[in-house]
Amino acid sequence: MDGAGISNAMLLARAGYAEQFSELRAKYPGRYLGWFAGTDVTSPDASKILEEAVKKGAIGFGELKSHVEAAGPELRRLYALAAELGVPILVHFQEVPHTPTEGTFATGFKTFEAMLKAYPKTTFIGHADAFWANVSADYANQEAYPAGKIARGGVTDKLLGDYANLYGDLAANSGNNALSRDPQFTPDFLKRHQDKLIFGSDCSCADGKGGGVSQANNPGASRLAGKCVARETLTLLKKTATPQMFRKLTWDNAHRVYKLKSS
Ligand SMILES: [Zn+2]
């Protein structure tokens, strides 16, 4: 965080993180504003585990990254539970495995509109490869991180515009790729959805400057190897958005949607 120039963070953690979070908060007063709880959604106890985490202070579900369908029963029960508990739910959508054994996650984003309709009281945060690749209307699950010009009218762009209960997490190579692949697309996209997009890092570099493993475990993301994803995306946002929009994307929207409190 220091290396990338980030003052505060909300963490995507595992469901059992409550105690570690209080320790972290005590160690770095004022910097950590909350945490989301993730778990394996295929576990029969997933609902119980996440509800317990919220009781212990988690302010959202996520990231949820399991080998299921986005409209399958495992996630549906959690969409309903998130609405019941009044917390947002962040889902990792991925149709193309990065390695031969990785598999896919929350598949079927192209028809996710049905879920947005079926769970109108649920606050969804879209995240990862398929969410971001679908900003382009011509995405056909052909690769994890498509490059080049964006065909206007993609599913993600349309759903963000049409549904008040969908937001977008700008994190990771996927978010950075969507914002950087077609410079003519990005300014208007950010303007259109300036109240719906939320900065996130999802970078494993050790120093906020690209040191350590960075993107080394994901061959598809070699574009950002040796770089800090957070720093790259912040730089891009700062260059592309007005100062007022930049503040929304990196601060105001997260505070509103994740209900963060900071002094
Ligand atoms: Zn993810």
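Points worth noting:
Quick grid of which residues meet (1) out of contact with any strand residue (DSSP E or B) (no Cβ under 6 Å at 6 or more places or on another chain); (2) within 16 Å of the ligand (Cβ to nearest atom); (3) of a type outside the set (F, W, Y):
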site: F21; (1), (2), (3): no, no, no
site: G34; (1), (2), (3): no, no, yes
site: T39; (1), (2), (3): yes, yes, yes
site: S66; (1), (2), (3): yes, yes, yes
site: L75; (1), (2), (3): yes, yes, yes
site: A83; (1), (2), (3): yes, no, yes
site: V91; (1), (2), (3): no, yes, yes
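- The one condition in (1) outside any loop (DSSP other than H, G, I, E, B); (2) among the hydroxyl-bearing types (S, T, Y); (3) surrounded by 17 or more Cβ atoms within 10 Å (Cβ to Cβ) that T235 fails to fulfil: (3)
- T99 among the β-branched types (V, I, T), touching a residue at least 40 places away in the same chain (Cβ under 8 Å), over 18 Å from N165 (Cα atoms) and within 16 Å of the ligand (Cβ to nearest atom): yes
- All conditions but one from (1) touching a Lys or Arg at 6+ places or on another chain (Cβ under 7 Å); (2) on the phi > 0 side of the Ramachandran plot apply to G30; the one that does not is (1).
- Residue check for Y167: touching a Pro at 6+ places or on another chain (Cβ under 9 Å) and under 20 Å from K196 (Cα atoms): yes
- Number of the condition not met by C203 [criteria: (1) farther than 23 Å from L11 by Cα; (2) touching a residue at least 24 places away in the same chain (Cβ under 8 Å)]: (1)
- Boolean, A133 is within 15 Å of the ligand (Cβ to nearest atom), buried (at least 22 other Cβ atoms within 10 Å of the Cβ), at positive phi and not β-branched (V, I, T): no
- Options A118, A128: the member that is surrounded by fewer than 17 Cβ atoms within 10 Å (Cβ to Cβ) and aliphatic (A, V, I, L, M): A118
- Filter result for E143 (in contact with a Gly (Cβ under 9 Å, 6 or more places away or on another chain) and loosely packed, with under 15 Cβ neighbours inside 10 Å): yes
- Subset tally (residues that are farther than 16 Å from L90 by Cβ, within 16 Å of the ligand (Cβ to nearest atom), at pLDDT 95 or above and more than 12 Å from the chain's Cα centre (by Cα)) for the range 151-210: 2
- Condition broken by G62, with the remaining ones in (1) at negative phi; (2) within 16 Å of the ligand (Cβ to nearest atom) satisfied: (1)
- With respect to (1) out of contact with any Lys or Arg (no Cβ under 8 Å at 6 or more places or on another chain); (2) within 22 Å of D195 (Cα to Cα); (3) more than 16 Å from the ligand (Cβ to nearest atom), the lone exception for F109 is condition (3).
The values are calculated or read from the model by the stated rules, or taken from the named source; none is laboratory data. Being a predicted model, the structure only gives us computed values, none of them experimental. In this analysis, Cβ positions are derived from the backbone assuming ideal geometry, glycine residues included, and neighbour counts consider all displayed protein chains.
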